[in-house]
Amino acid sequence: MIAMKRPILIHPDPRLKKVCPPVADISDELRALADDMLETMYDAPGIGLAAPQVGVLDRLIVLDCVKDEAAPAQPMVMFNPEVLAVSDELNVYEEGCLSIPDQYAEVERPREVRIGWLDRDGNPQEQDFDGLWATCVQHEIDHLNGKLFIDYLKPLRRQMITRKMQKLKREKARA
Ligand code: GNR
Ligand code: NI
């Protein structure tokens, strides 16, 4: 099996605003998509990626928040991920997004989350996440609901970023 890098959609794009329907069953095609997404994420490089970012409107995310280059990789594939519980305690992280290149902003989210999902064999899994993993998994699930981290910002800041991205896309289209 050879994984292939896929192009990442840049905001604004109507596909990044869609609510993605759950996957009905996990086919070889979906497993191949997950492998392509991991390849695309590591190549970027990023710590997470959601299927709509590569133009596929399925509830599928991948992540690996191991920052330490010397530590073993920890690729995770989650089909139909769900937030089952959140902590009262909040946490602020400086977030970025591969669909909004070079733009960063602080976003406040629950510090800990319990997530349920189906793994690549279709087996149900449940796990608690905190730190960067908690932030990332919430950011990715937001993508499946058509939500971007800039949607948490004040309208003026969001509009400024969106205009920058429109300009970037125009320049990319001319290049
Ligand atoms: O690579 C990414 N880094 C990141 C940093 C802080 C909070 C969230 C993220 S996710 C992002 C990759 C991405 O856009 N996933 O959708
Ligand atoms: Ni993102």
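Tell me which of these Asn80 doesn't satisfy, since it passes every other one: (1) without any contact (Cβ under 8 Å) to a residue 40 or more places away in the chain; (2) within 15 Å of the chain's Cα centre (by Cα); (3) more than 13 Å from ligand 1 (Cβ to nearest atom).
Every condition holds for Asn80 apart from (1).
For the stretch 14-44, enumerate the residues that are within 16 Å of ligand 2 (Cβ to nearest atom), over 22 Å from Met165 (Cα atoms) and in a loop (DSSP other than H, G, I, E, B).
Passing the criteria: only Cys20.
Using beta carbons and a limit of 6 Å, which pairs, at least six apart or on different chains, have the first residue in the stretch 93-104 and farther than 14 Å from Ala50 by Cα and the second one of a type in the set (Asp, Glu) and surrounded by fewer than 19 Cβ atoms within 10 Å (Cβ to Cβ)?
From residues that are farther than 14 Å from Ala50 by Cα, the pairs are Glu94/Glu106; Tyr104/Glu94.
Only one of these is surrounded by fewer than 16 Cβ atoms within 10 Å (Cβ to Cβ) and under 17 Å from the mean Cα position of the chain (by Cα): Gly146, Gly116. Name it.
Gly116
Output the qualifying pairs, or none if there are none: Cβ atoms under 9 angstrom, residues six or more apart or on different chains, first residue in the stretch 106-126 and under 17 Å from Met78 (Cβ atoms) and assigned to a loop (DSSP other than H, G, I, E, B), second residue within 16 Å of ligand 2 (Cβ to nearest atom) and modelled with pLDDT of 95 or more.
Cβ pairs passing all conditions: Asp119/Met76; Asp119/Met78.
Out of curiosity, is Tyr93 among the hydroxyl-bearing types (Ser, Thr, Tyr), surrounded by fewer than 18 Cβ atoms within 10 Å (Cβ to Cβ) and over 25 Å from Ala3 (Cα atoms)?
no
So Val62 ticks every box in (1) closer than 28 Å to Leu168 by Cα; (2) outside any strand (DSSP E or B); (3) aliphatic (A, V, I, L, M) but one. Which box is left unticked?
Every condition holds for Val62 apart from (2).
Which of the residues spanning the stretch 1-55 are within 16 Å of ligand 1 (Cβ to nearest atom) and charged (D, E, K, R)?
If the condition is that a residue be within 16 Å of ligand 1 (Cβ to nearest atom) and charged (D, E, K, R), then Lys5, Arg6, Asp13, Arg15, Lys17, Lys18, Asp36, Glu39, Asp43 are the ones that fit.
What is the one condition in (1) surrounded by 15 or more Cβ atoms within 10 Å (Cβ to Cβ); (2) in a strand (DSSP E or B) that Arg158 does not satisfy?
That leaves (2) as the condition not met.
Suppose the filter is in contact with a helix residue (DSSP H, G or I) (Cβ under 8 Å, 6 or more places away or on another chain) and either within 13 Å of ligand 2 (Cβ to nearest atom) or modelled with pLDDT under 95 (or both); does Leu57 pass it?
The answer is no for Leu57.
The values are calculated or read from the model by the stated rules, or taken from the named source; none is laboratory data. All figures in this text were calculated on a predicted structure; none of them were measured in a lab. Glycine also receives a Cβ, built like all others from the backbone with ideal geometry; neighbour counts cover every protein chain displayed.
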